[in-house]
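Here, each number is a calculation from the coordinates, and none is a lab measurement. Note that the structure is predicted; figures quoted are calculated from it, not measured. Neighbour counts are summed over all protein chains in view; Cβ atoms, including those assigned to glycine, are modelled from backbone coordinates with ideal geometry.
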Amino acid sequence: MTNVTIVGTQWGDEGKGKIVDWLSGEADIVVRFQGGNNAGHTIQNKGKVYKLSLLPSGITRGKKAIIGNGVVLDPWSLKKEIEMISNEGIIINKENLIIAENIHLILPIHKKIDEINEISRGSNLIGTTKKGIGPAYEDKVGRRGIRLCDLYNYKELSKKLENLIAYHNVILKSKKIPNFDSNKILNELIEISKFLIPFASPVWKYINKASSDNKKILFEGAQGSLLDIDFGTYPFVTSSNTLAGQINIGSGLGKNQQNYVLGITKAYTTRVGSGPFPTELKDSIGETLTERGNEFGTVTNRKRRCGWFDSVIVKQTAILNGLDALAITKLDVLDNFDILKICIGYELNEEKYDYFPFDTEVQKHIKPIYLSLPGWESSTVGINKWDNLPLNAKNYIQKIEEQTNCKVAVISTSPEREHTILLDKPFK
């Protein structure tokens, strides 16, 4: 296998950052292929903690990092992130970071529109990060977006920007909100272009050449499968496709026959923001999971909702992603529970479901059917060999494999890089 794709199998926050960081040791190139700076990956190694939003996680290990065209890019956030990581001793320049020249940019107006959209929903909040991600994707498909390559020609950029601003100012005027000044944004873009343009590249060309040369490419997904715009819990989703099938469109990779897809799965379930969550625990157990798992968002610091492991949604996303295997993270968070539960189905009005339906009303009222298992009530922190796990921890992992119909290849027992159990090697 030349390429490995990392995707989240739940609602995001599964611990993809650590697994990407761990696997990138064997990779030549690490690629982000969707999302924006609403994603957050936390990497911890030997006491150092790196919090990334746009930069591919492999950059902390000196790997070639690529931000693909499927991402929407906030240039000012990227500049700030590079400065922050540079202060930690990580050198970032055009030699180890390239950005697709056809990537769409997030502008200041997108953030404002994001705020307005969320406020207008009243009590039906989506729970966006208000970072302009959705409006930027809307402008992209509306064929009025600004791309990185548009910064090459300031005269043409001015025309395109006037078109975009004029469109949004109609909406702002209807809400009695002051219009945006296209000249002000133009000047801001011209200034940031001096920083951004050196990183621009025809990524599609680079990545296909690398693939032909048998380079090992690691594709790093953001968010989770249940936030996919098509297959997630719509409308409580992100604005991009988060499934593994997006890697070709979001990077320009052509043939991708040799690809190992690894689904990152938390040993329990969490989600940030609004939306259905069948196994959510609004009790002391949920609070315990939040506390032990330090369940607060990397980007927003929002408290995550916590619940028991839902094998139904993971089995579903395993099929949608074409997973080869699962990576189980945060197993150690469950160390002190005497009883653990796994959701193996749902029921509503005496009807049983072996999948998670798309009907929003069904999603809202569906009830989990649980299988109870004994906990191991001993520490797994730092264990890096399967044989050293407690028997009940092994049984728990094996039950996940059985219920999701997907083997487990990796188990993480703490945020530290070396605290990882390898059962199957993704890079062959």
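Data table
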| quantity | calculated |
| --- | --- |
| Dipole axis of the chain (+1 Lys, Arg; -1 Asp, Glu on Cβ), positive-most option in 35, 187, 264 | 187 |
| Cross-link reach list, aspartates and glutamates versus residue 215, counting only Cα pairs under 16 Å and skipping chain neighbours closer than eight places | 26, 28 |
| Spatial separation of Cα centroids for the range 1-72 and the range 342-357, in angstrom | 34 |
| Whole-number percent relative contact order across the range 273-417, with pairs defined as alpha carbons under 8 Å at least 6 apart | 29 |
| Dipole of the chain, positive end: most advanced residue of 104, 419, 381 [Cβ charges, Cα centre] | 104 |
| The chain: relative contact order in percent, alpha carbon pairs under 8 Å with at least 6 residues between | 21 |
| Value at 222 nm in deg cm²/dmol, rounded to 500, when DSSP H runs of n ≥ 4 in the chain each add -39,500 (n - 2.57) | -9500 deg cm²/dmol |
| Debye, to nearest 20: dipole size of the chain, +1 on Lys, Arg Cβ, -1 on Asp, Glu Cβ | 1260 |
| ³J(HN,Hα) computed for each position of the range 30-36 - Karplus, 6.51 cos²θ - 1.76 cosθ + 1.60, integer Hz, glycine/proline x | 10, 10, 8, 10, 6, x, x |
| Cβ-placed point charges (K, R +1; D, E -1), dipole of the range 104-196 about Cα centre in debye, nearest 20 | 140 |
| Per-pair calculated FRET efficiency, R0 = 51 Å: residue 284 and residue 170 via Cβ, rounded to 0.05 | 0.50 |
| Unsatisfied cross-links (Cα-Cα over 32 Å) in the set 94/140; 205/385; 330/367 | 205/385 |
| Residue 353 paired with residue 149, simple spin-label distance in nm, labels 7 Å along Cα-to-beta-carbon | 4.3 |
| Length-normalised contact order of the range 104-196 in % [C-alpha pairs under 8 Å, at least 6 apart] | 26 |
| Vicinal HN-Hα couplings computed from phi for the range 333-343 (Karplus, 6.51 cos²θ - 1.76 cosθ + 1.60; Hz; Gly/Pro x) | 5, 8, 4, 9, 8, 7, 10, 10, 10, 10, 6 |
| Distance-filtered residues of the range 70-108 - backbone nitrogen under 17 Å, label point 7 angstrom along residue 209 Cα→Cβ | 94-102 |
| Of the DSSP H helices in the chain, those whose Cα atoms cover at least 24 Å axially and whose Kyte score averages -1.0 or more | 154-174 |
| Residue (of 210, 163, 129) at the positive-pole extreme of the range 82-215, dipole from beta-carbon charges | 163 |
| Net charge, residue 135 excluded, C-beta distance under 13 Å - Lys, Arg +1, Asp, Glu -1 | 0 |
| Counted charge near residue 37, where neighbours are those whose Cβ lies closer than 13 Å (Asp, Glu -1; Lys, Arg +1) | +4 |
| Which listed pairs, of 131/209; 266/352; 155/175; 130/194, have C-alpha distances above 28 Å, in listed order | 131/209; 155/175 |
| Dipole magnitude of the range 265-422 about its Cα centre (Cβ charges: Lys, Arg +1; Asp, Glu -1), debye to nearest 20 | 340 |
| Candidate aspartates and glutamates - alpha carbon under 17 Å from residue 282, same-chain residues fewer than 8 apart omitted | 291, 295, 310 |
| Out-of-range pairs (alpha-carbon distance over 28 Å; input 16/394; 64/315; 51/407) | 64/315; 51/407 |
| For residue 375, distant residues with modelled amide H under 5 Å away | 339, 340 |
| Phi-based couplings in Hz for the range 351-359 (Karplus 6.51, -1.76, 1.60; Gly and Pro marked x) | 9, 9, 10, 9, 8, 9, x, 7, 4 |
